[in-house]
Amino acid sequence: MPADAVTWIFCAALLASLLVKYWLMNRQARHVHAHRSAVPAPFDGVIGLTAHQRAADYTLAKLRLGLLAEAMATAVLLGWTLLGGLDALNSWLREAVVPRWGAMAYQLALLGAFSAISALLDAPLSLWRTFVLEQRFGFNRMTWALYLKDTLMGTLVTLAVATPLVAALLWLMQASGGWWWLYAWVLLVAFMLLMQVVVPTWIAPLFNRFTPLADTALVERVAALMQRCGFRSGGLFVMDGSRRSAHGNAYFTGLGRVKRVVFFDTLLAKLAPAEVEAVLAHELGHFHHRHVRRRLVVMVVVLLAGLALLGWLAQQPGFYLGLGVKPNLMVPNDALALLLFMLATPPLLFFVAPLLAFDSRRAEFEADAYASAHADGRALRSALLKLYEDNAATLTPDPQYVRWHYSHPPAAQRLAALPA
């Protein structure tokens with residue numbers, strides 16, 4: 001594959017995706033601002049003007065930060081690739097590490113150094129988002145001590161989990177010949193499934209406290225719902241999400257039909273028992289319609305296609321040269337290929353976002369319908385209204401922005417499909 005062709009494809013995809021993102025964010029900002037002064041008719045008398053304007057201001061603040069984040073991400077991406085950042089890092093580590101510790105240590109060092117530098121570059125915006133933007137709108141509960149603890153713990157857990165996985169992946173790329181990507185796919189799928197068990201059981205408790213749901217009446221209500229729906233629970237737990245954020249949520253973890261149900265304490269504080277039951281029924285609807293399984297299958301298929309493509313690109317010198325990196329001559333290029341693939345594919349994958357968003361919104365409508373049939377649809381409606389207001393979700397998004405970015409239907413469409 002000619003290096004010039006790689007460069008042109010990459011630049012065209014990057015420029016086109018950036019222009020579309022800016023176009024969409026500007027549309028969203030103008031649309032939200034234009035409707036800031038009045039509560040939309042479907043919510044008049046239900047959502048107050050102050051709450052509506054707070055949601056508009058929160059949305060606009062996130063969009064302004066998003067514009068800056070996109071500009072910085074594009075600059076960093078060009079810096080790593082066409083401007084020679086990854087090439088310089090690779091050359092330095094290759095000369096410093098290979099003579100002393102060998103090729104595998106060099107490749108792990110390259111991936112580790114890239115990850116560390118990327119995290120440092122992302123840190124300023126992440127800190128601003130948490131301690132300025134979220135703090136301004138009353139959502140942040142994170143302290144600096146907790147932030148530092150999370151960062152340290154997250155780094156240690158990532159090193160403990162990712163290092164052996166990446167080492168195994170690099171070994172397969174080197175030792176398995178032209179079909180390495182098939183063996184790597186099996187390894188990564190097995191790892192994904194293993195994490196479904198490991199994360200809720202051992203990793204998540206390192207960051208949050210999970211206590212059994214103590215509200216006996218709510219436990220009985222949830223148990224009755226799950227029995228009606230034919231689901232078994234591996235336990236009902238409350239997570240102390242309020243330590244970090246005022247946002248609320250509920251989710252399932254685990255594999256098979258035995259899953260743990262986790263409620264954020266912030267969610268339980270905001271919703272009545274009937275509303276909690278309806279929200280849980282919505283999550284059960286996703287499993288009833290096999291949305292989770294279907295997404296997992298899609299992910300596995302996309303992973304296989306991506307690894308197959310990487311297996312071909314890794315053998316093309318033009319793939320490296322076209323993205324600003326000189327391939328190694330005496331040591332493997334596997335870590336380089338992985339990094340370049342991760343850097344180059346997001347601008348291309350951005351253009352499939354509307355398809356994924358459409359499928360996700362359709363799934364949400366199906367889950368809402370299931371919840372209305374197995375719980376109280378009016379309770380789900382009132383729960384969603386509370387969550388929209390408490391989370392400062394805008395009621396007036398731009399339709400084009402919705403098509404590209406919204407994984408859930410906008411409030412007006414979603415509530416229109418539920419019992420009044």
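The numbers here are math on the coordinates, done by the rules we state, and not lab data. Here the structure is a predicted model, which means the values were calculated and not measured. Every residue, glycine as well, gets a Cβ built from its backbone with ideal geometry; the counts of neighbours run over all protein chains shown.
The table below lists the values:
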| item | result |
| --- | --- |
| Local electrostatic count, Arg243, Cβ distance below 14 Å [Lys/Arg +1, Asp/Glu -1] | 0 |
| Listed residue (Leu236, Ser17, Thr394) projecting farthest to the positive dipole end of the chain, Cβ model | Leu236 |
| In degrees, nearest ten, helix 377-390 long axis to first principal axis of the chain (Cα) | 60 |
| Cα-Cα over 30 Å, subset of Lys62/Lys326; Lys149/Lys270; Lys62/Lys386 | Lys62/Lys326 |
| Magnitude of the charge dipole, region 42-199, Cβ model with Lys/Arg +1 and Asp/Glu -1, debye to 20 | 240 |
| Positive-end extreme of charge dipole, the chain - chosen from Gly178, Ala5, Met226 (charges on Cβ) | Met226 |
| Sum of side-chain charges, Arg27 neighbourhood, beta-carbon under 12 Å (Lys, Arg +1; Asp, Glu -1) | +2 |
| Relative contact order computed over region 100-228 (Cα-Cα under 8 Å; 6+ residues apart), in percent | 20 |
| Dipole magnitude of the chain, debye to nearest 20 (Cβ charges: Lys/Arg +1, Asp/Glu -1, about Cα centre) | 360 |
| Net dipole in debye of region 1-60 [+1 Lys, Arg Cβ; -1 Asp, Glu Cβ; about Cα centre; nearest 20] | 140 |
| Between 0 and 90°, nearest 10: helix 49-80 axis offset from the chain longest Cα axis | 10 |
| Candidate aspartates and glutamates - alpha carbon under 15 Å from Lys259, same-chain residues fewer than 8 apart omitted | Glu283 |
| Spin-label model distance (nm) - Leu49 vs Ala272, 7 Å beyond Cα toward Cβ | 2.8 |
| Highest-first arrangement of 158-165, 246-253, where packing means the average Cβ count within 10 Å | 246-253, 158-165 |
| Between 0 and 90°, nearest 10: helix 273-288 axis offset from the chain longest Cα axis | 40 |
| Fraction of beta bridges assigned by DSSP in region 159-308 that are antiparallel (%, nearest 5) | 50 |
| Inter-site label distance for Ala167 and Leu120 at 7 Å from Cα along Cβ, in nm | 2.5 |
